[in-house]
Amino acid sequence: MAIDMEREARALRAILAERKLMHLHVTKRGKSLTIASGPPADPDPEARLTLLAPGMWRLDLRHHAGRWDQTPFTGSLADLVDTAEGMGRLDDLGAPGSWNRGDTSDPSH
């Protein structure tokens, strides 16, 4: 049974919208879905979900040098979005009131 990757991409987009992660967009390539921030013309990949079996995905995270690092995390699309979000990998660093790379204040205070 072939997996409809376009349907899976739509499901991932719905999960991101449900979590109010509207600054992110999803692209697909083969058996992988990439979550990226930034403008679609110049995306900044944040996380990649690779299909292992129907309903089972692996989370990979983008290394600062630009390559993908596999993680030990597997699960449903929703589970892995929760995992990546919990790690701070899906934050909207450009949103008003959020900490961003240019901010010199400590966000924990």
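Within segment 1-40, track down each residue that is of a type outside the set (G, A, S) and assigned to a helix (DSSP H, G or I).
Quick first cut of segment 1-40, residues of a type outside the set (G, A, S) only: 1, 3-8, 10, 12-13, 15-16, 18-29, 31, 33-35, 39-40.
Hits for segment 1-40 are M5, E6, R7, E8, R10, L12, R13, I15, L16, E18.
Out of all the residues in segment 7-24, is one or more among the small types (G, A, S), touching a residue at least 12 places away in the same chain (Cβ under 8 Å) and out of contact with any strand residue (DSSP E or B) (no Cβ under 8 Å at 6 or more places or on another chain)? Working first, answer last.
Going through segment 7-24, the residues among the small types (G, A, S) turn out to be 9, 11, 14, 17.
Of the ones still in play, those that are also touching a residue at least 12 places away in the same chain (Cβ under 8 Å) are 9, 11.
Going one step further and asking which of them are out of contact with any strand residue (DSSP E or B) (no Cβ under 8 Å at 6 or more places or on another chain), we end up with 11.
Yes, that holds for at least one residue.
Report, by residue number, each residue of segment 27-65 that is under 17 Å from G75 (Cβ atoms) and touching a helix residue (DSSP H, G or I) at 6+ places or on another chain (Cβ under 6 Å).
Of all residues in segment 27-65, those under 17 Å from G75 (Cβ atoms) come to 31-33, 35, 47-61.
Within segment 27-65, L33, A47, L49, W57, L59 meet the criteria.
Among the residues of segment 66-77, what is the count of those that are among the basic types (K, R) and touching a helix residue (DSSP H, G or I) at 6+ places or on another chain (Cβ under 8 Å)?
Residues that pass the stated criteria total 0.
Residue by residue through segment 70-104, note down the ones that are at pLDDT 95 or above and charged (D, E, K, R).
Those that are at pLDDT 95 or above and charged (D, E, K, R): D79, D82.
So which of S32, S37 ends up being in contact with a Leu (Cβ under 7 Å, 6 or more places away or on another chain) and at pLDDT below 95? Outline the logic, then answer.
Numbers: S32 fails: at pLDDT below 95.
Testing whether each residue is in contact with a Leu (Cβ under 7 Å, 6 or more places away or on another chain) and at pLDDT below 95 leaves just S37.
How many residues are charged (D, E, K, R) and surrounded by 14 or more Cβ atoms within 10 Å (Cβ to Cβ) if we restrict to segment 29-70? If you could, list the steps in order and put the result at the bottom.
So in segment 29-70, the residues charged (D, E, K, R) come out as 29, 31, 42, 44, 46, 48, 58, 60, 62, 67, 69.
Adding the requirement that they be surrounded by 14 or more Cβ atoms within 10 Å (Cβ to Cβ) leaves 46, 48, 58, 60, 62.
Summing the residues that are charged (D, E, K, R) and surrounded by 14 or more Cβ atoms within 10 Å (Cβ to Cβ) in segment 29-70 gives 5.
Only one of L33, L59, L52, L24 is out of contact with any Asp or Glu (no Cβ under 8 Å at 6 or more places or on another chain), of a type outside the set (G, A, S) and closer than 14 Å to A84 by Cα; which?
On the way: L33 fails: out of contact with any Asp or Glu (no Cβ under 8 Å at 6 or more places or on another chain); L52 fails: closer than 14 Å to A84 by Cα; L24 fails: out of contact with any Asp or Glu (no Cβ under 8 Å at 6 or more places or on another chain).
So the residue among L33, L59, L52, L24 that is out of contact with any Asp or Glu (no Cβ under 8 Å at 6 or more places or on another chain), of a type outside the set (G, A, S) and closer than 14 Å to A84 by Cα is L59.
The values are calculated or read from the model by the stated rules, or taken from the named source; none is laboratory data. On a predicted model such as this, the values are computed, not experimentally measured, just so you know. Methodologically, a virtual Cβ is constructed for each residue, glycine included, from the backbone with ideal geometry; neighbour enumeration extends over all protein chains shown.
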